[in-house]
Amino acid sequence: MIRELGPVRAPELDGAVAWLNTPAPISLATLRGSMVLLDFWTYGCINCLHVLPDLQRLQARFADTLVVIGIHAGKFDNERNTANIRRVLERHGITHPVANDADFAIWQRYTVRAWPTQVLIDPRGYIVGTATGEGHAAQLDAAITALETTFEAQGTLARTPRPATPEATSHEGELAFPGKLVADPVRQHLFIADTRHHRIVQTDLAGRIVQVFGRGVPGHDDGGGEAATFRDPQGVALAGRTLWVADAGNHLIRHVDLETRAVTTMAGTGRQATWQQSDGGPAREISLNSPWDVAWDGARLYVAMAGAHQIWVLDPDRRVVRRCAGSGAEGRHDGDADQAAFAQPSGLALSDRTVFVADAEANIVRALTLLPVPRVATLAGGDLFAFGDRDGTGDEVRLQHPLGLCVADGLVLVADTYNHRIKRLDPSTGTVRWWAGSGAPGSVDGAAHLAAFYEPGGLCAAGDHVFVADTNNHAVRVVTAASADVATLDIR
């Protein structure tokens with residue numbers, strides 16, 4: 001719902017530490033005659049990401065009368081870095097101007113209280129209203145249409161197309177922002193979610209490309225091999241000669257037959273679930289909400305439903321999907337699985353009937369034990385606003401937006417994404433210790449304390465090596481288990 005504020009003059013946009021996708025800082029005074037939509041966001045927030053397609057549609061529909069401006073007020077320290085925001089603009093195809101409001105100057109001036117928040121400003125420079133959260137596209141469309149009609153009738157609406165000036169970025173190599181990956185140690189293969197290329201790449205463990213699933217354009221077409229399409233795929237899980245894919249951008253679970261190369265949609269409708277959605281039912285009739293990772297236990301597929309702050313499970317034999325854990329509230333609350341609260345679960349790993357969860361926005365690692373009754377416990381980390389980079393045990397540990405997990409030699413390896421490190425967690429004690437990565441973003445091979453990652457998002461283990469989806473480096477890195485030395489896989 002849009003909250004109307006009446007005739008309140010919109011504050012100017014001073015105070016940003018940098019501007020992106022624009023040759024110069026933007027002043028509202030220069031936009032008189034145009035409608036302006038401000039989007040206050042932070043790039044790790046799934047709700048903020050859900051708003052981006054709405055902004056793109058509104059920008060296209062009102063191309064010569066509406067100016068969309070992103071006000072990026074980063075929750076995490078890592079999200080306040082201009083270079084990191086620039087990578088995110090490329091990753092998500094964001095072309096409208098974005099201010100890096102790292103000091104929250106604009107945020108405070110507009111008295112914003114939550115991510116995401118949209119503020120609509122009329123052609124005279126007055127605030128029409130605000131909307132907090134996601135799912136307001138229809139109301140914003142109606143409000144913008146009404147403003148356009150009113151001010152055009154008055155002769156005060158400026159029709160000035162504003163061409164996009166996206167940041168110039170480029171990278172070499174086969175991958176673009178890989179999200180997750182899984183290894184087949186028996187057949188010596190690796191399956192990589194080549195997220196921004198909207199495809200799955202299969203290589204051998206030396207990096208030679210064996211085959212590709214998806215034709216490299218966003219879509220939701222089933223079909224054979226490269227005829228199929230994905231949209232920003234993330235988690236992948238192997239089940240014999242089947243590959244499961246969390247097709248996050250489509251809100252779908254896809255099934256890849258590695259023998260026939262056929263891609264089939266197994267769960268989801270293609271529409272994002274709302275809060276009124278059912279807790280389960282026939283898999284193709286239930287809408288999902290940003291499935292970010294998947295884990296296979298031999299009979300069922302566990303799904304990290306990042307957008308719903310829940311863990312779901314798919315039974316492929318019965319063709320049903322249901323909620324397994326999480327009330328839907330966002331937070332850190334342990335106990336009975338049905339009442340537990342997660343905060344954007346984004347990584348899964350299975351071991352001995354326990355589902356380990358990288359609970360990204362809460363900066364913690366959780367354990368969902370399935371027997372005798374499902375229960376959730378926090379193993380290590382802080383809370384929604386308790387983050388950092390600190391080893392230790394249990395609650396004294398500090399992580400920063402961890403996205404990936406895998407199990408190796410009885411330990412849980414953690415992709416501590418915004419700290420640009422890989423850490424090891426002993427699930428029996430809750431003790432976390434640094435393992436690899438200097439903590440500074442970069443792409444440096446070598447000894448564990450010198451090596452550099454750049455927002456690693458996925459992990460898997462195979463034999464004596466751990467493979468890392470090093471997202472912002474567009475690369476897969478290989479860590480030798482015994483020494484923690486890091487090398488870059490030569491994908492070719």
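Quick notes on this structure:
- The local environment of Pro233, defined by Cβ-Cβ distances under 15 Å, has a net charge of 0 under the rule Lys, Arg +1 and Asp, Glu -1.
- Local electrostatic count at Val397 - Lys and Arg +1, Asp and Glu -1, tallied over other residues with Cβ under 12 Å: -2
- Centre separation in Å (Cα based) which lies between region 270-333 and region 229-244: 16
- Rounded, prolate or oblate (a/c below 1.5 giving rounded, otherwise prolate when a/b exceeds b/c) for region 155-295 by Cα gyration tensor: oblate
- Cysteines in the chain lacking any other cysteine Cβ under 4.7 Å from their own Cβ: Cys324, Cys406, Cys460.
- Percent RCO, i.e. relative contact order, over the chain, from Cα pairs under 8 Å lying at least 6 residues apart: 10
- Protection proxy ranking for 356-366, 210-220, using the average of other Cβ atoms within 10 Å per residue and placing the highest first: 356-366, 210-220.
- Relative contact order for region 76-219, counting Cα pairs under 8 Å that sit 6 or more residues apart, in percent: 14
- Förster-model FRET efficiency, 30 Å R0, Arg187 and Ser428, C-beta, rounded to 0.05: 0.40
- With Cα atoms, 0 to 90° folded angle of helix 82-92 axis to the chain main axis: 80
- Alpha carbon centroid spacing (whole Å) that separates region 449-492 from region 121-138: 43
- Principal-axis tilt of helix 46-61 within the chain, Cα atoms, nearest 10 degrees: 40
- Degrees between helix 137-153 axis and first principal axis of the chain (Cα, 0 to 90, nearest 10): 20
- By the count of neighbouring beta-carbon atoms within 10 Å, fewest first, Cys460, Cys324 end up ordered Cys324, Cys460.
- Of the residues His333, Val468, Ala308, the one whose Cα sits farthest towards the positive end of the charge dipole of the chain is Ala308 (charges of +1 on Lys and Arg Cβ, -1 on Asp and Glu Cβ, taken about the Cα centre).
- Highest average packing first - 463-475, 385-397, 21-33, Cβ atoms within 10 Å: 463-475, 385-397, 21-33
- Shape of region 245-403, Cα gyration tensor, a/c cut at 1.5: prolate
- Dipole check for the chain: with +1 at the C-beta of Lys and Arg, -1 at the C-beta of Asp and Glu, and the Cα centre as origin, the magnitude is about 540 Debye.
- Net charge of neighbours whose Cβ lies under 10 Å from the Cβ of Ala16, counting Lys and Arg as +1 and Asp and Glu as -1: -3
- Among Met35, Met266, Met305, a tally of other beta-carbon atoms within 10 Å of each Cβ gives an order, fewest to most, of Met266, Met35, Met305.
- Per-peptide average of other Cβ atoms within 10 Å, ordering 178-184, 65-71, 8-14 highest first: 178-184, 65-71, 8-14
- Rounded if a/c under 1.5, otherwise prolate or oblate - region 181-488, Cα gyration tensor axes: oblate
- Furthest towards positive pole of dipole, Leu348, Gly446, His251, structure part region 181-488, Cβ charges: His251
- Taking other Cβ atoms within 10 Å as a rough exposure proxy, Val36, Val98 sort from fewest to most as Val36, Val98.
- Theoretical ellipticity at 222 nm over the chain - DSSP helices of four or more residues, -39500 (n - 2.57) apiece, nearest 500: -3000 deg cm²/dmol
Since every read-out is calculated from the coordinates, none of them should be taken as a lab result. Note that the coordinates shown come from a computational prediction; the quantities given were computed from them, not determined experimentally. Quick reminder, even Gly has a Cβ in these numbers, built from the backbone with ideal geometry, and neighbours come from all protein chains shown.
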